[in-house]
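Student: Structure provided below as C-alpha cells; questions to follow.
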Amino acid sequence: MKVKTSELSGRALDFAVAKANKFSDESLSLLLGACSEDYKPSTDWGVCGQLIEAFKISCYASVDPENGKLYHWVAVNEKLPYDKRRGHTAATPQVAICRAVVSAKLGDEVEIPDELMEVK
C-alpha cells in the first residue's frame, strides 16, 4: 500500500527507514516478522541518533513563544539542496527524524506492506 511519508508511524515507519537505508530484501523480510522488535529507529535513540549523523538531520522543537507549550518537533535533512529541504513534523523528535530520512531517500510516498499498517 502506498502511504504518504508524512503519515508514517510505528512499524511502517521503521520499515521505511530500513528501506531508505538500503537494507537487503532478506533483512526487510525479517522486519515483517518477529525480528521487527530489534530495529525501531522511531523509538530507539540508539538507532535514531545514528540517522542524525549519517543523514545530517537537524531537529528542533516548535513551541508557543507565549507559554513554551510544544507544538511539534521538526526535522530537516540538511544534505539536500536548499530548495528541496522540507521540515518533517511529528509529536516526537525520533518520528520527525525518521520521516526526514525516508522523504530524502524515498520521496513523499512509500510502498509499505499491508501487514505493517496500523489500524486507526
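Student: Do we find a residue being open to solvent by less than 90 Å² (accessible area, probe 1.4 Å), modelled with pLDDT of 95 or more and under 20 Å from Phe15 (Cα atoms) anywhere in the range 59-78?
Tutor: Yes - at least one qualifying residue is present in the range 59-78.
Student: Of the numbered conditions (1) open to solvent by less than 50 Å² (accessible area, probe 1.4 Å); (2) under 23 Å from Lys2 (Cβ atoms), Asp114 satisfies every one except a single condition; which is it?
Tutor: Evaluating Asp114 over (1) open to solvent by less than 50 Å² (accessible area, probe 1.4 Å); (2) under 23 Å from Lys2 (Cβ atoms) leaves (1) as the failure.
Student: Conditions: (1) open to solvent by 60 Å² or more (accessible area, probe 1.4 Å); (2) at pLDDT 95 or above. Lys84 meets all but one. Number of the miss?
Tutor: The one condition Lys84 does not meet is (2).
Student: Scan the range 8-28 for residues that are over 20 Å from Phe55 (Cβ atoms), of a type outside the set (Lys, Arg) and modelled with pLDDT of 70 or more and jot them down.
Tutor: Gly10
The values are calculated or read from the model by the stated rules, or taken from the named source; none is laboratory data. Just so it is clear, the structure is predicted and the values come from calculations on it, not from any experiment. Quick reminder, even Gly has a Cβ in these numbers, built from the backbone with ideal geometry, and neighbours come from all protein chains shown. Ligands, DNA and RNA are excluded from the accessible area calculation, which covers all protein heavy atoms including side chains. Shrake-Rupley method; radii C 1.70, N 1.55, O 1.52, S 1.80 Å.
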